[in-house]
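*Asks:* There's a structure below that I have some questions on.
The values are calculated or read from the model by the stated rules, or taken from the named source; none is laboratory data. Here the structure is a predicted model, which is why all the values come from computation and not from measurement. So basically every Cβ, Gly included, is an ideal-geometry build from the backbone, and we count neighbours across all protein chains shown.
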Amino acid sequence: MTQRWRMLGCRGCGSAIVESVLVIAGLPYEREEVDYTQKGPARDRLLALNPLGQVPTVVLPGGKVMSESAAIILHIDETHPAACLLPKVGDPLRSDALRWLIFVVSAIYPTFTYGDEPEKWIGDAGPMLREATHAHRRALWKQLESVTGAPWFLGETRSALDLYIGVMTHWRPRRDWFEAECPKLFAIAKAIDADPRLTTLWAANFD
Ligand SMILES: N[C@@H](CCC(=O)N[C@@H](CS)C(=O)NCC(=O)O)C(=O)O
């Protein structure tokens with residue numbers, strides 16, 4: 001029975017969010033690169049663990065499979081409280097953290113699910129869905145910007161939300177847009193870029 005985490009991830013993808021949490025929590029892991037857009041043995045291995053074919057998908061020490069980044073992070077927060085991924089139970093900031101964590105994964109993330117390969121869902125009308133999800137995503141980020149604190153999303157309290165912001169601002173509409181339209185989110189993203197614990201991980205994903 002393996003004692004290490006196993007991560008199925010894809011360069012530049014949401015797997016980097018959970019990888020950054022594993023690094024911060026000091027949890028060693030093995031990583032398999034899976035380009036989920038390409039049919040083949042790697043994608044088959046991913047589908048066998050997670051029929052959605054999404055990354056991150058992890059195998060916990062002991063063999064249990066988890067997908068869904070927020071669920072994985074909540075699990076690590078419970079089992080490794082010293083990593084300070086979320087405000088503790090009883091801290092008034094915890095409800096804010098949970099609200100906006102789920103907002104990111106349930107409102108913003110699906111705009112990529114449906115907008116990245118829109119032809120997969122609606123064939124020839126794909127470009128319309130792509131533009132609609134793109135516009136919706138910009139509006140959602142602006143909503144998040146309106147409740148963003150400094151220097152971190154929750155103000156003085158650093159959390160896993162900052163890691164989502166660091167990674168997801170690399171994606172469309174990308175950093176230049178955030179700098180112009182969402183300066184508080186952009187500042188958090190730059191601070192996350194500069195975290196020395198994550199230099200190697202960011203280079204592997206985004207350079
Ligand atoms: N709700 C999932 C979303 C994961 C997700 O959509 N990951 C993308 C990569 S960043 C993916 O695997 N996309 C492939 C697909 O949806 O087919 C999470 O929070 O982990």
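*Asks:* Do we find that LEU144 is part of a helix (DSSP H, G or I), touching a residue at least 60 places away in the same chain (Cβ under 8 Å) and not polar (S, T, N, Q) in this structure?
*Replies:* no
*Asks:* Return only the number of the condition from (1) under 19 Å from ASP162 (Cβ atoms); (2) outside any helix (DSSP H, G or I); (3) in contact (Cβ under 8 Å) with a residue 40 or more places away in the chain; (4) more than 11 Å from the ligand (Cβ to nearest atom) that LYS88 does not satisfy.
*Replies:* (3)
*Asks:* Might you let me know whether region 95-104 holds any residue that is in contact (Cβ under 8 Å) with a residue 40 or more places away in the chain, part of a helix (DSSP H, G or I), more than 16 Å from the ligand (Cβ to nearest atom) and out of contact with any Leu (no Cβ under 8 Å at 6 or more places or on another chain)? Steps first, please.
*Replies:* Of region 95-104, the ones in contact (Cβ under 8 Å) with a residue 40 or more places away in the chain are 96-97, 100-101, 103-104.
Right, trim to part of a helix (DSSP H, G or I) and you get 96-97, 100-101, 103-104.
Among the residues that remain, those that are also more than 16 Å from the ligand (Cβ to nearest atom) are: 96.
Of the ones still in play, those that are also out of contact with any Leu (no Cβ under 8 Å at 6 or more places or on another chain) are none.
No; the residues of region 95-104 include none that is in contact (Cβ under 8 Å) with a residue 40 or more places away in the chain, part of a helix (DSSP H, G or I), more than 16 Å from the ligand (Cβ to nearest atom) and out of contact with any Leu (no Cβ under 8 Å at 6 or more places or on another chain).
*Asks:* Keeping to region 60-81, report how many residues are touching a residue at least 40 places away in the same chain (Cβ under 8 Å) and either assigned by TED's automatic domain parsing to the domain that holds TYR109 or within 17 Å of the chain's Cα centre (by Cα) (or both). Don't jump to the end; show me each part of the working.
*Replies:* Here is the first cut: in region 60-81, the residues touching a residue at least 40 places away in the same chain (Cβ under 8 Å) are 60-63, 69, 72-73, 76-77, 80.
Adding the requirement that they be either assigned by TED's automatic domain parsing to the domain that holds TYR109 or within 17 Å of the chain's Cα centre (by Cα) (or both) leaves 69, 72-73, 76-77.
Going through region 60-81 one residue at a time, the tally reaches 5.
*Asks:* Moving on to the next point. Could we say that PRO110 is within 13 Å of the ligand (Cβ to nearest atom), touching a helix residue (DSSP H, G or I) at 6+ places or on another chain (Cβ under 7 Å) and not assigned by TED's automatic domain parsing to the domain that holds SER20 here?
*Replies:* Working: within 13 Å of the ligand (Cβ to nearest atom): yes; touching a helix residue (DSSP H, G or I) at 6+ places or on another chain (Cβ under 7 Å): no; not assigned by TED's automatic domain parsing to the domain that holds SER20: yes.
It is false that PRO110 is within 13 Å of the ligand (Cβ to nearest atom), touching a helix residue (DSSP H, G or I) at 6+ places or on another chain (Cβ under 7 Å) and not assigned by TED's automatic domain parsing to the domain that holds SER20.
*Asks:* Residues being part of a loop (DSSP other than H, G, I, E, B) and within 22 Å of ALA70 (Cα to Cα): count how many of those fall in region 174-207. I'd like the intermediate steps shown before the answer.
*Replies:* Here is the first cut: in region 174-207, the residues part of a loop (DSSP other than H, G, I, E, B) are 182, 194-195, 207.
Then keep just the ones that are within 22 Å of ALA70 (Cα to Cα); that gives 195.
Of the residues in region 174-207, 1 are part of a loop (DSSP other than H, G, I, E, B) and within 22 Å of ALA70 (Cα to Cα).
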